[in-house]
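So the structure is just underneath, and the comments pick up after that.
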Amino acid sequence: MFILRTLFCILVAYVCGYSQQCPKIQIHGPEGVWILNTGRPIPFEVEVLPSQSPHLTFDWIVSVGIIVEGRGTSAIQVDVHGLSNQPLEASVRVRGLPSGCSDTATTSASLVRTGDFSPIDEFAWKIGKMDEGARLDSLGIQLAANSPNINAYIIIDTQHSMRAVKARVERMRRWLFTKRKYKDQTRFVFLLTNSGNEVIRFWLFPSATDICKECQEIK
């Protein structure tokens, strides 16, 4: 009887309460975009959950750049000096996991440099509704052709009152989201600055902080 039970447990392990659980492998790194102006290497770290044997080893591969720290470990640093406006893919193979379990994971980030960007459009505050709408249409087309990590930043540079600015933003929102029915409204960011130029600029850029530190976002 003991022998039969033992054989049964070998065939159906969960009956005895020790079924194998394959771990989840996840890479932590930049969330979509990495601004190169910092000059720092890019960090990537792999997490294996639930925790496994401390004797795991990690084989990393990157599509561009050089791994300058952490080869064979769970965390690496990638030097991307001299690179710009291209994707970086980081892959890892975890060795030492239970047989039959998936042992690889991949993530990616876009490398961008703030100095490589310039406004895609600029026009005076005093512009007709239809002319402004045509420019917004062009902005929407260019945004759709870009990576989902890129947003459209509409920077309003004016000394007009906040009431006038909010009315102008609402006019543009109605054109984009009511008339043209753009669904992903979070990709359009409206910012206000006041340098006295009385212009509106359109940018395609991954980070509002880097493009206009003094700007105020208009919700």
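Some points to look at:
- Residues within the stretch 172-216 that are part of a helix (DSSP H, G or I), modelled with pLDDT of 95 or more, out of contact with any helix residue (DSSP H, G or I) (no Cβ under 7 Å at 6 or more places or on another chain) and of a type outside the set (S, T, N, Q), tallied: 3
- Test: Ser138 is hydroxyl-bearing (Ser, Thr, Tyr), modelled with pLDDT of 95 or more, open to solvent by 30 Å² or more (accessible area, probe 1.4 Å) and not in a loop (DSSP other than H, G, I, E, B): yes
- Filtering the stretch 83-94 to residues that are modelled with pLDDT under 85 and either within 17 Å of Thr104 (Cβ to Cβ) or open to solvent by 40 Å² or more (accessible area, probe 1.4 Å) (or both) leaves Asn85, Gln86.
- Members of the stretch 35-46 that are at pLDDT below 95 and open to solvent by 60 Å² or more (accessible area, probe 1.4 Å): Asn37, Thr38, Gly39, Arg40
- Meets criteria (at pLDDT below 95, open to solvent by less than 20 Å² (accessible area, probe 1.4 Å) and either under 19 Å from Pro119 (Cα atoms) or among the hydrophobic types (A, V, I, L, M, F, W, C) (or both)) for Ala152: yes
- The residues listed here are Leu11, Leu49, Leu56; of these, the one that is open to solvent by 60 Å² or more (accessible area, probe 1.4 Å) and at pLDDT 90 or above is Leu49.
The values are calculated or read from the model by the stated rules, or taken from the named source; none is laboratory data. Quick caveat, the model's predicted, so the values are computed rather than measured. Every residue, glycine as well, gets a Cβ built from its backbone with ideal geometry; the counts of neighbours run over all protein chains shown. Surface accessibility is based on the protein's heavy atoms, side chains included, excluding ligands, DNA and RNA. Shrake-Rupley method; radii C 1.70, N 1.55, O 1.52, S 1.80 Å.
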